[in-house]
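A short worksheet on the structure shown next.
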Amino acid sequence: MPDLSASLQKHDLGHLRIVAGFWGLELESIDSDSAIEELAASLLDLEAVTETIDILPAEARSALTALIESDGKMEWPAFARKHGEIREMGPGKRDREHPHLKPTSTSELLFYRALIARAFFETDKGLQEFVFIPDDLFEIIVEAGMQHALPLKKNEPLGRPATPVEKAREIPATDHVLDDAATCLAALRMGKAGFTPDPKLVELLTTAKLIKKDSPQTESVKKFLEASRPEALMLLNKAWLASDTFDELRLMPGLICEGEWKNQPQVTREFLMNLVNDIPQGKWWSIPALLKAVKEKYPDYQRPAGDYDSWFIKRESDGQFLRGFAYWDAVDGALVKYFIHVLHWMGAVDLASPEEGKEFTAFRVIESKVEGQKSRDLRPSTFDGKLNVSSNGRITISRYFSRAVRYQISRFCDWDSEKGDDYLYSVSAQSLRRAGEQGLKAEQLLALLVKYTNGSVPPAMVKALKRWDSHGAEARVESLLVLRVSRPEVMEEMRSSKAGKFLGELLSPTAVVVKSGAIEKVMAALAELGLLAEVISDK
């Protein structure tokens, strides 16, 4: 930060005399440059600083404390929201209205005493305006013994531990994102109709280079699925933390982002990750208290220059645009909560709520056990699961079985709903035909099942899979509409009439299949032959 002399350079002699007056000084210099040198020499004095600070109002001392806790600087919009604006006016208006004698804010009170200054500085978010205590003055203020205004200890966590109520119902973290990833990759590979993947998961797999434009990348997927669960989870975590495309703000459910504006998700993620890493591992922490502290100390953590107006974000439920600081809780605060949810999804934190069905109010950073992973235990599942095959074509695979094997087997099967920690599949003519269209053969499925069940595949399943590659479907179950008549002569008359083209396979001398969609035409033809028919439904 600039020193006191540099921060006074842009001010005229009248302003410098106002500053001197508040410090009990009378400038002898008649030009600005000399006055700045004279003023800086007088202000940078331990005794003078102590006396000036001692007579400040409590609000002003509190504002200085906040700046010192932020290492002497803070983004101006955040400081101004809490401590007020500084009215802009030229020398003439200032000398007429005397704003220094009637300050409208704490910021003005400190400004006319040269205890704070404002300037624009380049940051990762671009050019931003800051309020700061001049560097040389900052050192003396701390030395002056402002015990209540000394900076916080480095890495002191924001917020407070969770209360018993906030952490009453615990939801442990899992590594189930790995299983969801395997399912999603298989579905995308199959082009599975009706499968709607979680956009968050698709974005994660994309940033981990496992898919590209919704298409699985064969070699990368193979390495991912064959990796151990800890290694696979580490891969996803590292990809997520380093990604500049995985945008939590735009993935948040309930919000719609519109327009050309851009945010910096990786910078925001790093900031929030640092806050989480400061929290003691293994200790339940209050989510509401953390949000309150972030709002007070770092409200603009994702907003360049504190801009709350140019980002067009609306609430999906009612279309209300959430512009302005008044909607901080609905956007910026909600993002902090969502970030914690993502950490839970990634296996890094446990969650808790007061009771079932209530919003999460506490989280706990899992103690680190994975080498090289700071403040994050990914809590991998370490036990093996089972693979069972029944004679009716049903295959049950535990989520803790090999993900690579489940991925391969699932491509031959119809998918049923999950049941607990089991994935349920079934082999059918349709599923084998679909697999064949991808170049897969039933004998490959049989080889997988034999290998991973130690040869305990039911004989009926072995026979069915072997016959499929040789003969395809040897039986068919169909829903047919059948026309039955009383005598063979009537059937012959029908088949010879113009209705004959609507009749299909002859099932018996008095029964024939009616082609799909032709029932009304057949009924009309029967009426022309003087026959009235009735339609019998099984419903």
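The values are calculated or read from the model by the stated rules, or taken from the named source; none is laboratory data. It should be emphasised that the depicted structure is a prediction, and the values quoted were computed from it without experimental measurement. Glycine gets a Cβ as well: all are built from the backbone with ideal geometry, and neighbour counts include every protein chain shown.
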* To do: Identify all residues within segment 415-425 that are at pLDDT below 90 and within 18 Å of Ala187 (Cβ to Cβ); write none if there are none.
  => Asp416, Ser417, Glu418
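Would a scan of segment 39-52 turn up a residue that is closer than 30 Å to Gln128 by Cβ, crowded, with 18+ Cβ neighbours inside 10 Å and either in contact with a strand residue (DSSP E or B) (Cβ under 7 Å, 6 or more places away or on another chain) or not assigned by TED's automatic domain parsing to the domain that holds Pro91 (or both)?
First pass over segment 39-52, keeping only residues closer than 30 Å to Gln128 by Cβ: 39-40, 43-44, 49, 52.
Checking the rest, the ones that are also crowded, with 18+ Cβ neighbours inside 10 Å come to 39-40, 43, 49, 52.
After this cut, where a residue has to be either in contact with a strand residue (DSSP E or B) (Cβ under 7 Å, 6 or more places away or on another chain) or not assigned by TED's automatic domain parsing to the domain that holds Pro91 (or both) as well, the list is none.
Looking through segment 39-52, none of the residues is closer than 30 Å to Gln128 by Cβ, crowded, with 18+ Cβ neighbours inside 10 Å and either in contact with a strand residue (DSSP E or B) (Cβ under 7 Å, 6 or more places away or on another chain) or not assigned by TED's automatic domain parsing to the domain that holds Pro91 (or both).
Okay, residues lined up against (1) assigned by TED's automatic domain parsing to the domain that holds Trp23; (2) touching a Ser or Thr at 6+ places or on another chain (Cβ under 8 Å); (3) within 19 Å of Lys297 (Cβ to Cβ); (4) modelled with pLDDT of 90 or more:
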position	(1), (2), (3), (4)
Glu69	yes, no, yes, no
Lys73	yes, no, yes, yes
Ala78	yes, no, yes, no
Arg81	yes, no, yes, no
Glu85	yes, yes, no, yes
Glu97	yes, no, no, yes
Ser107	yes, no, yes, yes
* Take the residues in segment 1-45 that are among the charged types (D, E, K, R) and touching a Ser or Thr at 6+ places or on another chain (Cβ under 9 Å), then tell me which one is farthest from Phe111 (Cα to Cα). => Glu28
* To do: Go through segment 432-458 residue by residue and tally those that are loosely packed, with under 15 Cβ neighbours inside 10 Å, farther than 15 Å from Cys413 by Cα and modelled with pLDDT under 90.
  => 3
* Filter pass, Ile68 being part of a helix (DSSP H, G or I), surrounded by 15 or more Cβ atoms within 10 Å (Cβ to Cβ) and free of Cβ contacts under 8 Å to residues at least 40 places away in the same chain -> no
* To do: Identify the residue in segment 338-374 that is among the charged types (D, E, K, R) and surrounded by fewer than 19 Cβ atoms within 10 Å (Cβ to Cβ) and, among all such residues, is modelled with the lowest pLDDT.
  => Glu371
* In segment 237-272, what count of residues is obtained for those that are in contact with a Ser or Thr (Cβ under 9 Å, 6 or more places away or on another chain) and hydrophobic (A, V, I, L, M, F, W, C)? -> 6
* Structure fact -> Inside segment 311-322, the number of residues satisfying the requirement of being more than 11 Å from Leu255 (Cβ to Cβ) and either of a type in the set (Asp, Glu) or modelled with pLDDT under 90 (or both) is 1
* Hits in segment 180-209 (condition: part of a helix (DSSP H, G or I), over 18 Å from the mean Cα position of the chain (by Cα) and not hydroxyl-bearing (Ser, Thr, Tyr)) -> Ala182, Leu185, Ala186, Ala187, Leu188, Arg189, Met190
* When both residues are 6+ apart or on different chains and their Cβ atoms are under 8 Å apart, which pairs have a first residue that lies in segment 204-233 and is within 21 Å of Asp247 (Cβ to Cβ), and a second that is surrounded by fewer than 14 Cβ atoms within 10 Å (Cβ to Cβ)? -> Thr206/Lys212; Thr206/Thr245; Thr207/Thr245
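Of all residues being in a loop (DSSP other than H, G, I, E, B), within 30 Å of Ala442 (Cα to Cα) and not acidic (Asp, Glu) in segment 471-486, which is modelled with the highest pLDDT? Just the residue, please. Spell out how you get there, then give the answer.
The initial filter retains those residues of segment 471-486 that are in a loop (DSSP other than H, G, I, E, B), namely 472-480, 485-486.
Filter once more, keeping what is within 30 Å of Ala442 (Cα to Cα): 472-480.
Okay, now just the ones that are also not acidic (Asp, Glu), so 472-473, 475-477, 479-480.
Values: Gly472: 53, Ala473: 46, Ala475: 43, Arg476: 47, Val477: 48, Ser479: 65, Leu480: 70.
Ranking the qualifying residues of segment 471-486, first place goes to Leu480.
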* Restricting attention to segment 117-140, and to residues there that are among the charged types (D, E, K, R) and assigned to a loop (DSSP other than H, G, I, E, B), which single residue is surrounded by the fewest Cβ atoms within 10 Å (Cβ to Cβ)? -> Asp124
* Structure fact -> Counting only strands (runs of 3 or more DSSP E) wholly inside segment 210-329, the ones holding at least 2 residues that are closer than 25 Å to Gly126 by Cα are 255-258, 312-315
* In segment 124-146, is there at least one residue being free of Cβ contacts under 8 Å to residues at least 40 places away in the same chain and either in the same structural domain as Trp328 (by TED's automatic domain parsing) or not small (Gly, Ala, Ser) (or both)? -> yes
* To do: Say whether the condition of being assigned to a loop (DSSP other than H, G, I, E, B), of a type outside the set (Ser, Thr, Tyr) and either surrounded by fewer than 16 Cβ atoms within 10 Å (Cβ to Cβ) or at pLDDT below 85 (or both) is met by at least one residue in segment 487-505.
  => yes
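Could you please let me know if Glu75 is touching a Gly at 6+ places or on another chain (Cβ under 7 Å) and among the charged types (D, E, K, R)?
Values: touching a Gly at 6+ places or on another chain (Cβ under 7 Å): yes; among the charged types (D, E, K, R): yes.
Judged against the criteria, Glu75 is a match.
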* **Selection status of Tyr400, of a type in the set (Ser, Thr, Tyr), part of a loop (DSSP other than H, G, I, E, B) and under 24 Å from His176 (Cα atoms)** => yes
* Asked: Ala404 passes all but one of (1) closer than 16 Å to Ala187 by Cβ; (2) in contact with a Cys (Cβ under 6 Å, 6 or more places away or on another chain); which number fails?
  -> (2)
